Structure formats: structure tokens, C-alpha cells
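What follows is one structure encoded as C-alpha cells, with my remarks underneath.
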Amino acid sequence: MACRQAGLTRNPSRSGGHPMKFSTRKDIAASPAAAFAVISDFDTIADQARAQGATVERLDAATTPATGHWKIGFDFRGKRRVSESRITTYDPPQQLALRSRIEGLVVLLNIEILEVAPDKSRLFYVVELKPETMRAGLVVQSMKLARGTIEKRFEKRIGKLTARIESQARA
């Protein structure tokens, strides 16, 4: 209270610490439409998450993907976590963006698709972690210390996704 009266306020965007960003790009043998069809197949993505032990609940009544809103429960480091995810940009076949919130940590995912040839695309993936609380800031800070390992895992997962896109484009 005294701080507010003195004009001293905490900047909420800085209270949790600095954001962390991962990005990569991949060239794939698939058209932008084929790539977008795979990355926006939310039913298949939900089924894959459930197969790994997650709970996935759609919170909106809409059947169109452009308004997707989900609650996702998953185990991480021995504790059950809950994420609320919402589509922020749905622009087929160029861009898909999601915003998730997990215990004071905002996760922004942006995927952009650029056509480089009739059946070739370049996919740009960006994941940004923005801590909103001190606790989330400590999590992000510890992730920064393991950045090399996390980047390798990120590249591996994106590699699997692009392989799946190419496989489905050939089918």
C-alpha cells in the first residue's frame, strides 16, 4: 500500500523474469495446405496426448478449429499440471498460433508456413516462455541453464512432426 502511494509499483511483465524463446525452421516435402492440415488436426493431437497419459477437455462448444480452447492435464516432474490453451491465430494455410497458461507461465506457440515450391514448404516454429510469477521465473531460469539439452529435444520433436507431415502428405 505504501509503495503504491509513493508511486512505486512493480512492473508485472518483469515480476517473473525474462522470457525464453526457442525457434527453428524446417523445409519439408509437402504443400502448405497439407502441412497445415496436420498441425491443425486437433482431434489427432488430443488422442496422441491422451495416449501419453494426458487429459484433454475442449472448453468451447464450437466445432470450428479457429476458436479452439482446451484444458489439458499432464504429469511433469512427479506433479499433475494443468494447462489452459487457446488458439490466437488460425490463418490456413499460413499460420497457427496458440497461447497456453500453466501455473504462472505463459507459453506462446507460433507456426508459420511458407510455400517454397508447389510441393515444398518451409515451416517456422517459435515457442516463447513468459513467466508471470516469481516461481515460474525460477523454472524458466533453470531451463536457461539447460538450454542446450532443451534445444536438442525441441529439434527432435519438431523433426518427428515434420516427418509425420511428410508421411501424411505422401499418403
**OP:** Name the long-range amide H neighbours of residue 68: under 5 Å, sequence gap of 5 or more, or other chain; modelled H, no Pro or chain starts.
**Re:** 87
Subject >> Over the chain, relative contact order from alpha-carbon pairs under 8 Å, at least 6 apart, % >> reply: 30 percent
Original post:
How about residue 26: which lysines have a C-alpha closer than 22 Å to its C-alpha, ignoring those fewer than 8 places off in the same chain?
Top reply: 120, 152, 156, 160
Original post:
Applying the Karplus parametrisation 6.51 cos²θ - 1.76 cosθ + 1.60 with θ = phi - 60° to the phi angles of segment 81-91, what ³J(HN,Hα) value in whole Hz is obtained for each residue in order, glycine and proline being reported as x?
Top reply: 10, 10, 10, 10, 10, 9, 6, 9, 9, 9, 10
**OP:** Rank the residues 42, 36, 22 as a footprinting-exposure proxy: fewest other Cβ atoms within 10 Å of their Cβ go first.
**Re:** 42, 22, 36
**OP:** Can you tell me how much longer the chain between residue 116 and residue 55 gets when fully stretched, taken as 0.36 nm per residue apart minus their C-alpha distance, in nm with one decimal?
**Re:** 18.2 nm
Subject >> Fewest-first sequence of 143, 134 by Cβ atoms within 10 Å of each Cβ >> reply: 134, 143
Original post:
In terms of Cα to Cα distance under 19 Å, which aspartates and glutamates are near enough to residue 130, apart from those fewer than 8 places away along the same chain?
Top reply: 84, 103, 151
Subject >> Packing-based exposure ordering (other Cβ within 10 Å, fewest first) of 40, 121 >> reply: 40, 121
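All of the numbers you see were taken from the coordinates with simple rules; none came from a lab. Fair warning: this is a prediction, and the values are worked out from it, not measured in the lab. Because the Cβ atoms are built from the backbone with ideal geometry, glycine has one as well, and the counts that use them run over all protein chains shown.
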